[in-house]
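Student: Shown below is the structure under consideration.
The values are calculated or read from the model by the stated rules, or taken from the named source; none is laboratory data. Here the structure is a predicted model, which means the values were calculated and not measured. Cβ placement follows ideal geometry from the backbone for every residue including glycine, while neighbour counts extend to all protein chains displayed.
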Amino acid sequence: MSRAGCMLLALAALGPWAPGVQAFELLTVDTRRDGEAYELRIEARFSADTAQLLAVLTDYERIHELHPRLLASRSLGQVAPGVEEVYIRFEGCVMMFCQVLRRVEQIRASDDGLVATDVPRRGSFREGRTEWHFRREDGGTVLEYHTRFVPAFEPAPLLGPALLLAAVEKMTVETMAEVDRRALQRDE
């Protein structure tokens, strides 16, 4: 099955889990492996505006509610002006094999997005950086998303890296759809 076919199936599966998510639109997805690093780039359209989206994304005590595999989240406090340190525990699953993973990120939010950088040796990743950049366009908000991470664990040989990228992509897209749904609910 093609990547587009897989994505359509994944988004269709969201229907019963996240009602009203039709507003979210996936525009492009690109995944790749670069040595030990994994990268995911997404361009997507949201119905909510940037302020609504950022309100959901920076509610660190409730981030874990955005996806069933997110198990816990909390702010560890401000570490520099405008920089919040955040702990997230989640279940990473590749096929039927799951592992509990942890991240401690330093997150800097701005008016048009946020940048999260992993704190080395405080989680399941040796390094990582995630950027969310929003821009207003055609009555909605377009996101340019990029994440790059190096896990501190070894995926299974052969298919492991490809399956890991597919699992990260699926979870990220599902989470984005839920972010848009919740952001729109903030005005109701």
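Student: Checking Tyr60 against (1) closer than 23 Å to Leu184 by Cα; (2) part of a strand (DSSP E or B), only one condition comes out false. Which one?
Tutor: Evaluating Tyr60 over (1) closer than 23 Å to Leu184 by Cα; (2) part of a strand (DSSP E or B) leaves (2) as the failure.
Student: Identify, please: which residue in region 158-188 is of a type in the set (Asp, Glu) and surrounded by fewer than 19 Cβ atoms within 10 Å (Cβ to Cβ) and is, among those, farthest from the chain's Cα centre (by Cα)?
Tutor: Across region 158-188, the extreme among qualifying residues is Glu188.
Student: I've got another one for you. Please go through region 154-188 and give me each residue that is closer than 20 Å to Trp132 by Cα and among the polar types (S, T, N, Q), ordered by number.
Tutor: Across region 154-188, the qualifying residues are Thr172, Thr175.
Student: Pairs, please: C-beta under 6 Å, at least 6 apart or cross-chain, first residue more than 30 Å from Ala55 (Cβ to Cβ) and in region 157-181, second charged (D, E, K, R) and surrounded by fewer than 19 Cβ atoms within 10 Å (Cβ to Cβ)?
Tutor: From region 157-181, the pairs are Pro161/Arg33.
Student: Within region 89-101, which residues are assigned to a strand (DSSP E or B) and over 17 Å from the mean Cα position of the chain (by Cα)?
Tutor: Phe97, Cys98, Gln99
Student: Among the candidates Val104, Val79, single out the residue that is in a strand (DSSP E or B) and loosely packed, with under 15 Cβ neighbours inside 10 Å.
Tutor: Val79
Student: Taking region 122-151 as the search range and keeping residues that are hydroxyl-bearing (Ser, Thr, Tyr) and part of a strand (DSSP E or B), which one is farthest from Gln52 (Cα to Cα)?
Tutor: Ranking the qualifying residues of region 122-151, first place goes to Thr147.
Student: How many residues does region 140-157 contain that are surrounded by 17 or more Cβ atoms within 10 Å (Cβ to Cβ) and of a type in the set (Asp, Glu)?
Tutor: Selection size over region 140-157: 0.
Student: Ok, one more. Given (1) touching a strand residue (DSSP E or B) at 6+ places or on another chain (Cβ under 6 Å); (2) more than 28 Å from Arg136 (Cα to Cα); (3) surrounded by fewer than 19 Cβ atoms within 10 Å (Cβ to Cβ), where does Ser73 come up short, assuming only one miss?
Tutor: Every condition holds for Ser73 apart from (3).
Student: In region 127-139, how many residues are more than 18 Å from Met171 (Cα to Cα), modelled with pLDDT of 95 or more and either of a type outside the set (Asp, Glu) or buried (at least 19 other Cβ atoms within 10 Å of the Cβ) (or both)?
Tutor: Total satisfying the criteria: 3.
Conditions tested, residue by residue: (1) basic (Lys, Arg); (2) more than 24 Å from Val150 (Cβ to Cβ); (3) part of a loop (DSSP other than H, G, I, E, B); (4) touching a Gly at 6+ places or on another chain (Cβ under 9 Å).
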position	(1), (2), (3), (4)
Ala48	no, yes, yes, yes
Glu84	no, no, no, yes
Tyr87	no, no, no, yes
Pro120	no, no, yes, no
